[in-house]
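One structure is given below, encoded as structure tokens.
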Amino acid sequence: MPKYLWQVSYTAEGTKGLLHEGGTSRREMVTKLISDLGGKIESFYYMFGTTDVVTIAEVPDEATAAAVSLVVGASGAAHINTTVLLDPEVIDQATHKSIPYRPPA
């Protein structure tokens, strides 16, 4: 199952909700959401800085990952950045592909 990294930054409204609900409540909600979609949370951490939450999860496909990103972004409570994570074996496969690329002269 493909893995994705989600980096989330709360808006002021989202931060107010976090202050009201607490951190573990949000982790439980995200864990249930991903589970209900047929996936699994690998990690969920709060951070200091411009990113407030980082989550790594497995979900069934790209459409599911995109749907999560769209719904979170549309909520107005957070900005979300989605990154596809690749296993080393995928990179091994990529190194064996012949690509007819020519750099600019």
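Using 0.36 nm per residue of separation minus the Cα-Cα distance, give me the extension gain between Ser9 and Leu70 in nm, one decimal.
20.5 nm
Select from Ala57, Leu18, Tyr101 the residue farthest towards the positive end of the dipole of the chain; place +1 on Cβ of Lys and Arg, -1 on Cβ of Asp and Glu, and compute about the Cα centre.
Toward the positive end, the furthest listed residue is Tyr101.
Mind checking which lysines have their Cα closer than 20 Å to the Cα of Lys40? Skip sequence neighbours fewer than 8 apart in that chain.
Lys3, Lys32
Using +1 on the beta carbon of Lys and Arg, -1 on that of Asp and Glu, and nothing else charged, what's the dipole of the chain about the Cα centre, debye to 20?
So the magnitude is around 200 debye.
Once fully extended, how much extra length lies between Asp61 and Ser43, figured as 0.36 nm per residue of separation less the alpha-carbon to alpha-carbon distance?
Between Asp61 and Ser43, full extension yields 4.6 nm more.
Find how many whole Å separate the alpha carbon centroid of region 74-88 from the alpha carbon centroid of region 30-57.
Spelled out, the Cα-based centre of one part sits 10 Å from the other.
Apply the membrane-span-like helix rule to the chain: whole DSSP H runs, Cα extent along the own long axis of at least 15 Å, mean Kyte-Doolittle hydropathy at least 0.5. List the helices found.
Both cut-offs are met by 62-75.
Put +1 on the Cβ of every Lys and Arg and -1 on every Asp and Glu Cβ in region 1-73; which of Ser43, Trp6, Leu33 then has its Cα farthest towards the positive end of the dipole?
It is Ser43.
Give, in whole angstrom and from largest to smallest, the semi-axes √(5λ) of the equivalent ellipsoid of region 3-95, with λ running over the eigenvalues of the Cα gyration tensor.
One finds semi-axes of 25, 14, 12 Å for region 3-95.
We did not get these values from a lab; they are worked out from the coordinates using the rules stated. Predicted, not measured: the structure shown is a model, and the values here were computed from it. Every residue, glycine among them, receives a Cβ derived from its backbone with ideal geometry; neighbour counts consider all protein chains shown.
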